[in-house]
Amino acid sequence: MIVWISMLIVLLAGSMLPLQAGVNAQLARAGGSALWASGISFLVGTLTLMVVYSSLRLPWPALHELKAAPLWAWSGGLMGAFFVTCMAFFAPKLGATTLLALIIAGQIIASLLLDHFGALSFNVHEINPWRIFGVILIAAGIILVRKF
């Protein structure tokens, strides 16, 4: 049961991506910049997370604990900023379906490589013909979505 609930929550989170792209694209139009819209999005998200975290009365991590993280572990925010800015900038140009199809393709390709090499603490799952076939099907889907 917990697996199904987890999957539903993740499905709901995934459904937020096209909504976020559209909302941030509107904010970019109003503010004249995808970078500005991304900054506002991150500010609102940061404030929301701080309120939720504080409301749960969870202990804040100690500075020495944060320093123990490898330097590359701090790059998630940079990746998030790039991702959100690209979505805000390209959503009006590509449309929601093409935008998300390309995002999914990028995620699958990167995931294949991370799994294959066991990078970033992922378990090793070697690339095989079935996984490659799955990527080809996704690429075919992108072509069909873009063309029609």
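Quick note: the coordinates plus some simple rules give every number you see, no bench work behind them. None of the values given here were measured: they were computed from a predicted structure. For neighbour counting, all protein chains shown are included, and Cβ atoms are generated from backbone atoms with ideal geometry for every residue, glycine included.
Run the numbers for ARG29 and LEU137: contour at 0.36 nm per residue of separation, minus the present Cα-Cα distance, in nm.
35.5 nm
Fully extended, how many nm does the chain gain between ASP115 and PHE82 (0.36 nm per residue separation, minus their Cα-Cα distance)?
That pair, ASP115 and PHE82, stretches by 9.6 nm at full extension.
Can you tell me how much longer the chain between LEU17 and HIS64 gets when fully stretched, taken as 0.36 nm per residue apart minus their C-alpha distance, in nm with one decimal?
Separation in residues times 0.36 nm, less the Cα-Cα distance, equals 13.5 nm.
Going toward the positive end of the dipole of region 2-147, with +1 on Lys and Arg Cβ and -1 on Asp and Glu Cβ, which of ILE127, ALA140, TRP4 do you reach last?
Among ILE127, ALA140, TRP4, the one farthest towards the positive end of the dipole of region 2-147 is ALA140.
FRET efficiency for ILE40 and LYS93, Cβ-Cβ distance as r, R0 = 25 Å, nearest 0.05?
E(calc), rounded to 0.05, equals 0.80.
R0 = 22 Å: FRET efficiency of GLN107 with ALA73, Cβ-based, nearest 0.05?
0.65
How do the peptides 8-16, 89-97 rank, highest first, by the average count of neighbouring beta carbon atoms within 10 Å per residue?
Ranking, from highest mean packing down: 89-97, 8-16.
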